[in-house]
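To keep things clear, I will list the structure first and then write my remarks on it.
What follows draws every value from the coordinates through simple rules; no lab data is involved. Small disclaimer: the values here were computed from a predicted structure and weren't measured. Please note: Cβ atoms are built from the backbone with ideal geometry, for glycine as well, and neighbour counts cover all protein chains shown.
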Amino acid sequence: MGETTDSGLPRVIAIAWGTHAAPQRGPSRGLTHEKIVERAIEIADEQGLAALTMQRLAESLGFTTMSLYRYVANKDELLTLMTGSEALLPKRGRPAVDWKDRLREWAESLRGMYRAHPWLLEVVRGPVSVLLPGSVAIVDRGLEAVDGLDLDDQERVGLILAVSSYVSAFATLERDLAGQDDLEFGAVAMAELGEVIRPERLPFAAPLFLAGGYVGGPVTDETRGVGFEYSFGLDLLIEGLGAQQAARRRD
């Protein structure tokens, strides 16, 4: 969990919420936790997480690395503060009236956040992550989306976790596929694979592959690609919740 404050609260949480006092001694004029995190996010957005070092961050702020360490204990703490920053969240619009549309909008806002800050997908989350301002704000927006549904507290938490995990998984896939060529096999290559991907061996997957619906063909109106698969899966989650709510109303 790392260093804690006198109250027992993890230091990184106190810093994130602004309850941890900034250093009072040394060359700290003009340097704040907020400025450090903001600049670190800018570097990660522009050049990727690998380009973010404590030395480079300090130099970009016009301070020494040692000055930076008086505010941030190490890079792990810095990354935690970055992932928990409310500055990452997209601006809020007027929420839709229907809860299903609100839930889709919330999921899409998460997807947009990962697209704008793909380095988020590389950071390992710890137990304190859920208590950071950005994380709590994300949960708050998700809870707003399903406000009024017949769900107890544990079910609402489970729903938020299910949808957010689904979105991050697809965001990771989209990030990994970005810049890579789609697999498009000609008839000869498909025939060669068809010799080994056979219904006798793979009775359910083989027909899908042989029909061109698995991989190897161009993305068309029929195959639709990852974007369709994302929307289809999200609809399954939302419509499944809708069916559960309808069943509870009947009961």
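How big is the charge dipole of the range 11-83 about its Cα centre, in debye rounded to the nearest 20, if each Lys and Arg gets +1 on its Cβ and each Asp and Glu gets -1 on its Cβ?
Using Cβ point charges on Lys, Arg, Asp and Glu, the range 11-83 gives about 380 debye.
Sort VAL124, VAL72 so that the residue with the fewest other Cβ atoms within 10 Å of its own Cβ comes first and the one with the most comes last.
By the 10 Å Cβ count, ascending, the order reads VAL124, VAL72.
In vacuo Debye scattering of the range 1-145, one point per C-alpha: log10 I(q)/I(0) at q = 0.11, 0.18, 0.19 Å⁻¹?
Taking Cα atoms of the range 1-145 as identical point scatterers yields -0.45, -1.06, -1.15.
Could you list TYR214, TYR71 in order of exposure, starting from the residue whose Cβ has the fewest other Cβ atoms within 10 Å?
Numbers: TYR214 14, TYR71 21.
Ordered from fewest to most neighbouring Cβ atoms within 10 Å, TYR214, TYR71 come out as TYR214, TYR71.
Choose one of LEU31, ALA178, TYR114: the residue whose Cα lies farthest towards the positive end of the charge dipole of the chain (beta-carbon charges +1 Lys, Arg; -1 Asp, Glu; about the Cα centre).
LEU31
Run the dipole for the chain about the Cα centre, Lys and Arg Cβ at +1, Asp and Glu Cβ at -1, nothing else charged, and hand back the magnitude in debye, nearest 20. List each step's numbers first, then the result.
On the way: 26 positive and 37 negative charges, 189 e Å.
Here the chain has a charge dipole of around 900 debye.
SER85's amide H: which non-local residues (gap 5+, or another chain) put their own amide H closer than 5 Å, with H modeled 1.01 Å from N in plane and none for Pro or chain starts?
Residues meeting the amide H criterion: GLY134.
Among the lysines, which fall within straight-line cross-link reach of LYS75, defined as a Cα-Cα distance under 17 Å, with same-chain neighbours fewer than 8 residues apart omitted?
Here the lysines satisfying the reach criterion relative to LYS75 are LYS35.
Please identify the DSSP H helices in the chain that span no less than 24 Å along the helix axis (Cα) and have a mean Kyte-Doolittle hydropathy of -0.5 or more.
153-177, 226-250
Dividing the alpha-carbon radius of gyration of the chain by 2.2 N^0.38 Å (N being the number of residues), what value is obtained?
This ratio for the chain stands at 1.29.
Can you list the lysines whose alpha carbon sits under 29 Å from that of LYS100, skipping same-chain ones fewer than 8 residues off?
Here the lysines satisfying the reach criterion relative to LYS100 are LYS91.
Please list the non-local residues whose amide H lies under 5 Å from the amide H of THR4, H modeled 1.01 Å from N, same-chain partners needing a gap of 5 or more.
Result for THR4 returns ARG11.
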